[in-house]
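A.B. asks: Take a look at this one; I'll ask things after.
The values are calculated or read from the model by the stated rules, or taken from the named source; none is laboratory data. Small disclaimer: the values here were computed from a predicted structure and weren't measured. Using ideal geometry, Cβ is built from the backbone for each residue, glycine included, and neighbour counts are taken over all protein chains shown.
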Amino acid sequence: MIAQEGLNVFPKETYKLNETDKPDALLIRSQDMHKTHFGTSVLAIARAGAGVNNIPLIEASSNGTVVFNTPGSNANAVKELIVAMLLISTRPIFSSITWAKKLNGADVSLQTEKGKNHFAGTELKGKTIGVIGLGAVGSRVARAASDLGMHVIGYDPYISVEHAWRLSNDIPRAGELADVLRSSDYVTVHIPYTEENKDLISEEELQQIKKGAILLNYSRWGIVNENAVIKALDSGKLKKYLTDFSSNKFIDRDDVIVTPHIGGTTIEAEVCGAKMAAQTLRKYLETGNIVNSVNFPTVEMDFISELRITLIHQNVPNMVGRITTILANDEINIDNMINRSRDKIAYTMIDTAAISEDKLDELRQELLAIPEVIRVRTLNK
């Protein structure tokens, strides 16, 4: 379900929700779009969440369907859960609560005092934590761990300038993953899943990890190799493994704590994700501007003129020249234009003065006649 606060972003007088079998756009959470034929009529899909492995991106791109996600919308929720799991990993909280529940009799208070020494833990302060991935979640985890008095080592070869600025200068960043693993009492993973990142933490990496370290994976399944984790736990190389991703391999193991994929499951995160996805989707539908897309370039331009023409096309040479030649031959003056590309896809926006509907229909057909053009839209201000 999409939070109502997200649906409220669409004015009822201009948008209809769930009233057609051929929608212009889809607003989803975890629905598996690999099993759903969404067709070429869908202009965009907005995912209320960061992960988009439930969406067939290659098919979407070939259809000219822009796919959006909501990076950072659940970052605080995940950060808070990581803090909780760090505490759980270092203090016998569960076992002490279970023990206390079984107490009975008039001397409960005395029993508590006598028994508490069985539940001594260790403190996070002064320990070293390695944070792999310093994006929206990882940067927050790094700051929170620092506030808890931990020594933080960050590692992220792809960190953006925006997230780099958010990090304290007191947080050193390692140049190699091995440096983080060798030095950290705790290692927590916060990177997106890609084929390149598959099994990022595997047997070779776990051989390098500090003996007795605790590993947390609240990022994505597949980044940490489960068989390698089991081997490292059995050998004593790893002390504990905490993860948000269940596996039959972890059943009945006291050195593994599994939570059922609840990292971003808070009321606040669901509302934030729904609103962010809806706002991004509405912006694209009404202006053609693209932000937070996972398969198209970021393209933003002020919508000042009366008419905007947007084209999704293959990223091949001389496309802009062919497009603008058609407009010139039709005696259409360009007020403003932008072109951006991402891998094999390019996106062009052109602003002009108003054009009659008949002439606009002819222009659409001329532009669509270019073999490499996938989709043409026209928007009125």
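A.B. asks: Does Val131 count as part of a strand (DSSP E or B), at pLDDT 95 or above and on the phi < 0 side of the Ramachandran plot?
C.D. replies: Against the criterion (part of a strand (DSSP E or B), at pLDDT 95 or above and on the phi < 0 side of the Ramachandran plot), Val131 qualifies.
A.B. asks: What number of residues within the range 254-284 satisfy the criterion of being over 19 Å from the mean Cα position of the chain (by Cα) and modelled with pLDDT under 95?
C.D. replies: Within the range 254-284, residues that are over 19 Å from the mean Cα position of the chain (by Cα) and modelled with pLDDT under 95 number 1.
A.B. asks: Looking only at residues in the range 137-149 that are surrounded by fewer than 22 Cβ atoms within 10 Å (Cβ to Cβ) and either of a type in the set (A, V, I, L, M) or within 15 Å of the chain's Cα centre (by Cα) (or both), which one is nearest to Leu81 (Cα to Cα)?
C.D. replies: Only one residue fits best here, namely Ala144.
A.B. asks: Right, another one. Can you name every residue in the range 280-300 that is touching a helix residue (DSSP H, G or I) at 6+ places or on another chain (Cβ under 9 Å) and buried (at least 18 other Cβ atoms within 10 Å of the Cβ)?
C.D. replies: Asn289, Ile290, Asn292, Ser293, Val294, Asn295, Phe296
A.B. asks: Further question: Out of all the residues in the range 175-192, is one or more out of contact with any Cys (no Cβ under 9 Å at 6 or more places or on another chain), over 26 Å from Gly72 (Cβ atoms), touching a residue at least 60 places away in the same chain (Cβ under 8 Å) and buried (at least 18 other Cβ atoms within 10 Å of the Cβ)?
C.D. replies: no
A.B. asks: Return a yes/no flag: does the range 199-212 have any residue that is more than 16 Å from the chain's Cα centre (by Cα), assigned to a strand (DSSP E or B), crowded, with 20+ Cβ neighbours inside 10 Å and touching a residue at least 12 places away in the same chain (Cβ under 8 Å).
C.D. replies: yes
A.B. asks: Could you list, in sequence order, all residues of the range 220-248 that are in a loop (DSSP other than H, G, I, E, B) and in contact with a Leu (Cβ under 7 Å, 6 or more places away or on another chain)?
C.D. replies: Ile223, Lys237 - these are the residues of the range 220-248 that are in a loop (DSSP other than H, G, I, E, B) and in contact with a Leu (Cβ under 7 Å, 6 or more places away or on another chain).
A.B. asks: Select from the range 246-294 the residues that are of a type in the set (S, T, N, Q) and more than 21 Å from Asn76 (Cβ to Cβ) and list them in ascending order.
C.D. replies: Ser246, Ser247, Asn248, Thr287, Asn289, Ser293 - these are the residues of the range 246-294 that are of a type in the set (S, T, N, Q) and more than 21 Å from Asn76 (Cβ to Cβ).
A.B. asks: What number of residues within the range 218-242 are in contact with a Phe, Trp or Tyr (Cβ under 7 Å, 6 or more places away or on another chain) and crowded, with 17+ Cβ neighbours inside 10 Å?
C.D. replies: 5
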